[in-house]
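Heads up, the thing below is written out as structure tokens.
Please treat every number below as a calculation from the coordinates, not as lab data. Model, not experiment: these values are computed from the prediction. Cβ placement follows ideal geometry from the backbone for every residue including glycine, while neighbour counts extend to all protein chains displayed.
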Amino acid sequence: MTSLFEVLAEPRRRRILELVRGGEWSVGELAQALAASQPAVSKHLRVLREAGLVEVRVAEQRRLYRLRAEPLRELEQWLAPYRELWSESLDRLERQLDAMDDDPAVERRRAGPRTENGSMP
């Protein structure tokens, strides 16, 4: 089975998910929106369906696709600890930058060299 990361690595599949996030779309509508052939879109939809990211509903002669959020929630839960690490790193960087702003020596270096009377050379 293809991993969720492999499925989401393909830009057209991500675009399909963006489209069906707002509601149901037929293959023809998706093909038109993507400027792609219906067979190409159908292949992407098959991969997305097998990964559990979309579901299909038959309405008369059409197949309508919509987003299934559950696998994305699982991905979100898996990514949460990594997001926390990134957030902690950004917080440390922000504290460091704030400390540098408060340091007069850093302020003098930013201002550049001065002559004896305080003007720029």
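What the table below lists for this structure:
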{"item": "Under 5 Å, built H, 5+ apart or other chain: amide partners of Arg63", "result": "Val27"}
{"item": "Neighbour net charge for Gly22 - beta-carbon separation under 13 angstrom, K R +1, D E -1", "result": "0"}
{"item": "Förster radius 25 Å - calculated FRET efficiency between Arg83 and Glu10 (Cβ-Cβ, nearest 0.05)", "result": "0.60"}
{"item": "Residue-span extension gain [Arg73 to Glu50] - 0.36 nm each, minus C-alpha spacing", "result": "6.6 nm"}
{"item": "Theoretical FRET efficiency, 1/(1+(r/R0)^6), r = Cβ-Cβ of Gln61 and Ala35, R0 22 Å, to 0.05", "result": "0.40"}
